[in-house]
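Asks: Structure provided below as structure tokens; questions to follow.
The values are calculated or read from the model by the stated rules, or taken from the named source; none is laboratory data. Since the model is a prediction, treat every value here as computed from it, not as a measurement. Please note: Cβ atoms are built from the backbone with ideal geometry, for glycine as well, and neighbour counts cover all protein chains shown.
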Amino acid sequence: MVGISLKKKGLALLLCVAVAAGCLYAAALHKRSTKEGIMEYVQANQTALEQFASGLLEDPAEGARYNGWRADCYQDVRMVEFIIKGTGIGSSTAYEGFYYSEDDRPIGFQGTELDFVRDGTGWSWREENGDNHEQIEKITVHWYWFRMSF
């Protein structure tokens with residue numbers, strides 16, 4: 001009888017540890033997908049990210065990924081964009097991530113030149129006669145957070 005009870009306790013403890021680990025993992029993933037989490041990640045990993053971005057600008061590779069994220073290179077504006085998350089469907093889609101700008105300047109989603117306006121802690125752009133808009137904030141030298149909404 002004691003052997004069965006200890007087995008059940010061991011399984012229950014193992015299950016609790018697995019659930020706790022899963023919750024911590026989910027929380028860490030969620031934090032990395034928030035604006036603050038993205039900014040912290042870039043600041044903490046700036047050297048490795050810059051090496052990756054510089055390498056991609058020198059030798060662009062279609063379908064490049066970094067840490068599981070899509071990394072797109074836009075040679076004409078010397079930008080590497082990392083898409084962290086995309087939500088919505090069709091005309092209600094939003095993308096969020098960060099990008100490297102070799103020239104250290106605001107650049108629009110997918111390397112588009114837009115007329116950004118200074119807005120609080122960053123820059124914003126709104127489509128004239130439409131609902132598309134983008135927000136950008138500088139994270140550190142050469143690095144920017146963005147959110148593009150369609």
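Asks: Given the criterion on the phi < 0 side of the Ramachandran plot, modelled with pLDDT of 50 or more, of a type outside the set (A, V, I, L, M, F, W, C) and not in a helix (DSSP H, G or I), identify the matching residue among 40, 62, 36.
Replies: Being on the phi < 0 side of the Ramachandran plot, modelled with pLDDT of 50 or more, of a type outside the set (A, V, I, L, M, F, W, C) and not in a helix (DSSP H, G or I) holds for just one of 40, 62, 36, which is 62.
Asks: Quick one: how many residues across region 116-150 are over 23 Å from residue 37 (Cβ atoms) and small (Gly, Ala, Ser)?
Replies: 1
Asks: Is there any pair with a first residue in region 132-144 that is aromatic (Phe, Trp, Tyr) and modelled with pLDDT of 95 or more and a second that is buried (at least 19 other Cβ atoms within 10 Å of the Cβ) and in a loop (DSSP other than H, G, I, E, B) whose Cβ atoms are under 8 Å apart and which are 6 or more apart or on different chains, and what are they?
Replies: 144/106; 144/107
Asks: Out of curiosity, is residue 108 closer than 21 Å to residue 149 by Cβ and in contact (Cβ under 8 Å) with a residue 12 or more places away in the chain?
Replies: Yes: the conditions hold for residue 108.
Asks: Could you list, in sequence order, all residues of region 42-72 that are exposed (fewer than 12 other Cβ atoms within 10 Å of the Cβ) and more than 18 Å from residue 95 (Cβ to Cβ)?
Replies: 44, 47, 48, 51, 58, 59, 61, 62 - these are the residues of region 42-72 that are exposed (fewer than 12 other Cβ atoms within 10 Å of the Cβ) and more than 18 Å from residue 95 (Cβ to Cβ).
Asks: From the residues in region 109-148 that are among the charged types (D, E, K, R) and outside any strand (DSSP E or B), which one is surrounded by the most Cβ atoms within 10 Å (Cβ to Cβ)?
Replies: 127
Asks: Being in contact with a helix residue (DSSP H, G or I) (Cβ under 9 Å, 6 or more places away or on another chain) and either in a helix (DSSP H, G or I) or β-branched (Val, Ile, Thr) (or both) is the filter here; which residues of region 75-108 pass it?
Replies: Passing the criteria: 75, 76, 77, 80, 84, 107.
Asks: Which condition number does residue 75 fail, the rest of (1) of a type outside the set (Gly, Ala, Ser); (2) surrounded by 15 or more Cβ atoms within 10 Å (Cβ to Cβ); (3) without any contact (Cβ under 8 Å) to a residue 24 or more places away in the chain being met?
Replies: (2)
Asks: Is at least one residue of region 104-121 modelled with pLDDT of 95 or more, among the β-branched types (Val, Ile, Thr) and closer than 23 Å to residue 43 by Cα?
Replies: Yes, region 104-121 contains a residue that is modelled with pLDDT of 95 or more, among the β-branched types (Val, Ile, Thr) and closer than 23 Å to residue 43 by Cα.
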